[in-house]
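**Student:** So that we are looking at the same thing, I have put the structure below in structure tokens.
The values are calculated or read from the model by the stated rules, or taken from the named source; none is laboratory data. Here the structure is a predicted model, which means the values were calculated and not measured. Neighbour counts are summed over all protein chains in view; Cβ atoms, including those assigned to glycine, are modelled from backbone coordinates with ideal geometry. Side chains included, ligands, DNA and RNA excluded: accessible areas come from the protein's heavy atoms. Shrake-Rupley method; radii C 1.70, N 1.55, O 1.52, S 1.80 Å.
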Amino acid sequence: QQQVKQSPQSLIVQKGGIPIINCAYENTAFDYFPWYQQFPGKGPALLIAIRPDVSEKKEGRFTISFNKSAKQFSLHIMDSQPGDSATYFCGGDSGGGADGLTFGKGTHLIIQP
Amino acid sequence: DAGITQSPRHKVTETGTPVTLRCHQTENHRYMYWYRQDPGHGLRLIHYSYGVKDTDKGEVSDGYSVSRSKTEDFLLTLESATSSQTSVYFCAISSRTGNNSPLHFGNGTRLTVT
């Protein structure tokens, strides 16, 4: 059972554009939704996260939009740069135990100069 | 990289041989995890540990075993490697204090089983 569905699988955007990555979840016990960023040859690193009591969170050029009723959330990257090219993973965490975090399958993002 | 070292970084082995991957942390975090990353599948949890000698299975644990004899070390063993275990393996740690502490990942081990 895939508890977090992420789309698209890959995405190419021109520099300065706004890539949007979408995630949908099924488990209503999730109460924390992180996004991880992974560069080639490196492990994923936490980028930004949101809790379901807010509809939007911004950190620099990265914004999470959250729709609790639809059980969907998305990552927007404003003024995207080639250095943002990476794989992005969304996640849902129920906090119920060591294995409470479930990841989406990832989006390979390329920002073209 | 949050004080996480994975070794080796690359390994090529033959089908049927045993393989052990090591994760070492200097953060004194209680929770440690092994994930594998494959194209189209994302990150899948293999095993995790919530303390010394306390481990449990994740989503894709068949063919893998783990051990944690010290807080800082978490070993992943493939008893008899198969080609389907060719993957990139990531160790992660978390304090899991409070609600939803983030995972900190190592830089991975690329394993090829021929």
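**Student:** Hey, can you tell me all the residues within region A:38-61 that are of a type in the set (Asp, Glu) and under 14 Å from A:Leu75 (Cα atoms)?
**Tutor:** Of everything in region A:38-61, those that are of a type in the set (Asp, Glu) and under 14 Å from A:Leu75 (Cα atoms) turn out to be A:Glu56, A:Glu59.
**Student:** Can you tell me which residue is most open to solvent (accessible area, probe 1.4 Å) among those in region B:10-52 that are over 12 Å from the mean Cα position of the chain (by Cα), charged (D, E, K, R) and within 11 Å of another protein chain (Cβ to nearest Cβ)?
**Tutor:** B:Arg30
**Student:** Under 6 Å between Cβ atoms, which residue pairs at least 6 apart in sequence (or on different chains) link something in region A:69-97 that is more than 15 Å from A:Ala29 (Cα to Cα) with a partner that is modelled with pLDDT of 95 or more and among the acidic types (Asp, Glu)?
**Tutor:** Sorted first by the residue in region A:69-97, then by its partner, the pairs are A:Ile77/A:Asp84.
**Student:** Sticking with this one: Please identify the pairs in which a residue from region B:100-114 that is at the interface with another protein chain (Cβ under 7 Å from one of its Cβ atoms) has its Cβ atom under 6 Å from the Cβ atom of a residue that is in a loop (DSSP other than H, G, I, E, B) and surrounded by fewer than 21 Cβ atoms within 10 Å (Cβ to Cβ), counting only partners at least 6 apart or on another chain.
**Tutor:** B:Asn100/A:Gly95; B:Asn107/A:Lys42
**Student:** Looking only at region A:22-44, filter to residues that are more than 13 Å from chain B (Cβ to nearest Cβ) and part of a strand (DSSP E or B); which one of those is surrounded by the most Cβ atoms within 10 Å (Cβ to Cβ)?
**Tutor:** Filtering first and then ranking leaves A:Tyr25.
**Student:** Based on this model, can you work out whether B:Asp38 counts as closer than 16 Å to A:Phe103 by Cα and either in contact with a strand residue (DSSP E or B) (Cβ under 9 Å, 6 or more places away or on another chain) or among the basic types (Lys, Arg) (or both)?
**Tutor:** It is true that B:Asp38 is closer than 16 Å to A:Phe103 by Cα and either in contact with a strand residue (DSSP E or B) (Cβ under 9 Å, 6 or more places away or on another chain) or among the basic types (Lys, Arg) (or both).
**Student:** Just need a number here: residues in region B:69-84 that are open to solvent by 10 Å² or more (accessible area, probe 1.4 Å) and under 21 Å from A:Gly43 (Cβ atoms).
**Tutor:** Qualifying residue count, region B:69-84: 5.
**Student:** What do you reckon, is B:Arg68 without any contact (Cβ under 8 Å) to a residue 40 or more places away in the chain and either out of contact with any helix residue (DSSP H, G or I) (no Cβ under 9 Å at 6 or more places or on another chain) or within 11 Å of chain A (Cβ to nearest Cβ) (or both)?
**Tutor:** In short, yes.
**Student:** Let me ask another. Restricting the search to region A:46-72, which residues are within 13 Å of the chain's Cα centre (by Cα) and among the hydrophobic types (A, V, I, L, M, F, W, C)?
**Tutor:** If the condition is that a residue be within 13 Å of the chain's Cα centre (by Cα) and among the hydrophobic types (A, V, I, L, M, F, W, C), then A:Leu46, A:Leu47, A:Ile48, A:Ala49, A:Ile50, A:Phe62, A:Ile64, A:Phe66 are the ones that fit.
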